[in-house]
Structures are given as C-alpha cells and as structure tokens.
Amino acid sequence: MDCYCSAGKTRIQPKVQGDSRFFYFFMRGRGKMVIEKVLNNNVVISKNERGEEIICMGKGLAFQKRPGDRIDKTAVQKEFVLKDSLATNQFQQLMADVPLEEVELVKQIVDVAEERLGVSLSSNIYLTLTDHIHYAICRANENIQLPNPLLFETKKFYPKEYLVAKEVLQLIQRKVGVSLPIDEAGFIAFHLVNSQQGNGDMQVTMTATTIVRDILSIISKFFGVTFDEESLNYQRIITHLQFFTQRYLKGESSDEQDEFLYALVQGKYPKAFRCSERINDYLLKTQQEPMGVAEQIYLTIHIQRVVSEKQSTQS
C-alpha cells in the first residue's frame with residue numbers, strides 16, 4: 001500500500017503476515033528485565049522470563065541507559081514479543097530510520113484510535129503505521145501527493161475509522177508541523193481497519209473494499225436502483241459484505257451444502273438469485289474462486305431485502 005519516497009533512505013517494506021508470525025501483545029511479567037539493546041530513548045529490546053526477545057516502549061524508558069541496565073517496569077507502557085529474526089531486524093531498521101518524535105506520535109495515534117473506536121488494535125500496527133506515516137511525511141515535505149483511489153469507499157464503508165483518521169491528520173499537524181492531504185486519512189483508516197481485522201497483509205483490506213464496492217455496483221445496475229445509504233437494510237448488507245469478503249479472501253467460507261434452502265431461495269427470490277450468480281461470475285473472473293453455496297444463499301437474502309425496500313419506497 002505504501003509507495004516509495006525519494007527521501008534518501010531505502011524504503012522499508014515490512015512483510016507483516018499477522019500476529020501469529022510477528023507480534024503479539026505481551027502483558028508485563030514479574031521477572032526482572034534488562035536492556036539488551038537501546039533503539040532510542042523510548043524503545044529498547046529486552047528478553048522476558050521465557051527468553052523471548054521483546055520490544056519495550058515507554059517515554060524516556062532508555063534515557064541515559066545502556067545495555068545491561070535494568071528496565072524500570074513502571075515506565076514500560078507497551079511490550080511486544082518478536083516472533084522471529086526478520087521481525088526484529090525490520091523493527092530495528094525502522095527505529096533507526098524514523099525520528100524519535102514520529103515514534104512517539106504513532107504511539108499517541110494508536111492510543112487515540114483505541115479510545116475512539118473502543119477496540120484493542122493488533123500490535124503489528126506499531127510497525128506498519130509508523131512506516132506509513134514516516135514516508136507520508138517524507139512525501140509531504142517533497143510536495144509529492146499520493147492519490148487514494150479508494151477514498152470514497154473508505155468514507156462510506158468505514159466511517160468511524162475515517163473520522164479517527166481525520167483526527168490523526170490534525171494530530172500530525174500539531175505535533176510535527178506537517179499538513180498531510182485528505183487522501184492520507186483514507187490510508188490511515190485502512191491501517192486501523194486492517195489492525196482490527198487481524199489482517200497481516202494490507203492488500204487483503206484494500207481488495208476486500210474493492211470487492212464490496214463492485215458487488216454493490218453489480219446489484220445497483222442489475223436492478224436499476226440507487227440505494228438509500230441511510231436505510232437499515234443497506235447498512236446490513238454492507239456489514240454482511242464486509243464480513244463475507246474477509247472470509248472469502250482468507251479462504252474461511254463455509255462449506256455447508258444446504259440444498260433445500262438453496263432451492264428455496266432460488267425459487268422464492270429468482271431475480272435476487274440471478275444477481276448473486278452474476279456476482280459469482282465477477283468473483284470467478286477477478287479472484288478465480290467462486291463463493292460457497294451457503295454464502296450465495298445468505299447473499300441472495302440480503303439482496304432481496306435491500307432491493308425490496310428500495311422498490312417499495314419508489315412505488
């Protein structure tokens with residue numbers, strides 16, 4: 001998702017593949033911890049009582065500290081276990097390239113996002129969002145603007161995350177004096193969505209958003225209707241499609257074969273069912289994989305609901 005920046009440094013491309021491989025949140029233990037390596041005044045590498053390498057974050061945590069010094073646990077605000085050497089190297093490279101104020105800024109951003117959204121974000125966001133914001137600032141300083149082709153869809157499908165992301169732009173302006181374009185609010189919102197859904201690969205979230213957009217367009221054109229985006233059934237189908245695309249792209253769709261229910265919705269809602277078949281053709285063409293029978297059944301029902309509501313208001 002991030003693009004290269006000609007800021008004089010090699011672009012980091014973290015291959016985050018989910019918390020199971022790279023990070024998971026680690027609650028502070030009771031054992032004594034010492035500093036293995038100082039990354040900056042706020043971030044150190046240590047080891048927990050199981051001998052696993054961990055990242056410890058806290059304001060001033062490493063100020064005037066050296067390897068071998070004990071860590072003041074009361075100053076530790078976040079801890080992460082690094083699951084392999086690749087993650088360790090990427091994080092160390094990132095901390096070496098990114099100014100201290102930006103590291104602290106991202107921590108503030110995550111704190112604000114978790115409070116506003118009422119969620120705990122996946123810990124890999126400290127890697128991916130730090131990386132993204134650093135190079136977004138680089139681009140802004142060089143007057144390079146990266147257009148966001150999914151900005152409209154982000155506003156529509158992820159309104160809460162988008163509002164938080166707009167607040168983040170204001171925070172960046174106050175803290176580092178850089179004004180980022182509104183397109184960046186869309187990119188930051190994607191990071192927030194991605195972190196909530198546990199996707200290691202940002203491309204999954206972007207592809208899912210494109211699929212939701214295209215499916216809604218297929219339904220609208222098939223029935224010749226414009227949706228009432230304030231209606232309950234529209235919000236229901238949006239929610240259904242968001243979860244459906246996540247399952248579909250991760251290969252987690254149900255293999256359930258309910259032939260009776262399949263025949264029932266096919267006979268009761270023939271036009272909605274034909275629309276679902278057109279959606280299936282689209283998925284086969286773009287993703288080379290059809291949706292499952294159970295998914296098609298529930299999608300047909302949601303299509304029928306949202307279209308029937310729209311047609312009843314027009315009659």
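Rule-based calculations on the coordinates, nothing more; no lab input. Given the structure is predicted, the values throughout are model-derived calculations rather than measurements. A quick note on method: Cβ atoms are made from the backbone with ideal geometry, for glycine too, and the neighbour counts reach across all protein chains shown.
Just rank 236, 305, 213, fewest to most, by other beta-carbon atoms within 10 angstrom.
Details: 236 13, 305 19, 213 16.
Arranged by neighbour count, lowest to highest, 236, 305, 213 become 236, 213, 305.
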Exercise. How far, in nm, would the chain grow between residue 116 and residue 92 when pulled straight, counting 0.36 nm per residue and subtracting the alpha carbon separation?
Worked result: 5.7 nm
For this session: With label points built 7 Å along Cα→Cβ from the Cα atoms of residue 294 and residue 37, find their separation and express it in nm.
Result: 4.5
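What is the stretch 180-313 by shape, rounded, prolate or oblate, if you read a ≥ b ≥ c off the alpha carbon gyration tensor as root eigenvalues and call it rounded for a/c under 1.5, prolate for a/b larger than b/c, and oblate otherwise? Each step should come with its number before you reach the end.
On the way: a/c = 2.16, a/b = 1.37, b/c = 1.57.
In terms of gyration-tensor shape, oblate.
Quick one: if the Förster radius is 22 Å, what FRET efficiency do residue 225 and residue 278 give, using the C-beta to C-beta distance and rounding to 0.05? List each step's numbers first, then the result.
Working: r = 15 Å, r/R0 = 0.68.
After rounding, the FRET efficiency stands at 0.90.
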Exercise. So, in Å, what gap is there between the alpha-carbon centers of the stretch 175-229 and the stretch 108-144?
Worked result: 16
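Hey, fewest Cβ within 10 Å first, where do 250, 166 land in order?
Numbers: 250 13, 166 17.
The fewest-first ordering by Cβ neighbours comes to 250, 166.
Once the other residues with Cβ under 15 Å from the Cβ of residue 274 are scored (Lys, Arg +1; Asp, Glu -1), what is the net sum? Don't skip to the answer; put the middle values down first.
Working: positive: 221, 268, 271, 278; negative: 277, 281.
After counting each charged neighbour, the total is +2.
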Exercise. What's the exposure ranking of 63, 157, 223, going from fewest to most Cβ atoms within 10 Å?
Worked result: 63, 223, 157
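Grab the beta carbon distance between residue 236 and residue 175, set R0 = 51 Å, and tell me the FRET efficiency rounded to 0.05.
Details: r = 39 Å, r/R0 = 0.76.
The computed FRET efficiency comes out at 0.85.
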Exercise. Summing Lys, Arg as +1 and Asp, Glu as -1, what charge do residues with Cβ under 13 Å from the Cβ of residue 286 carry, residue 286 excluded?
Worked result: 0
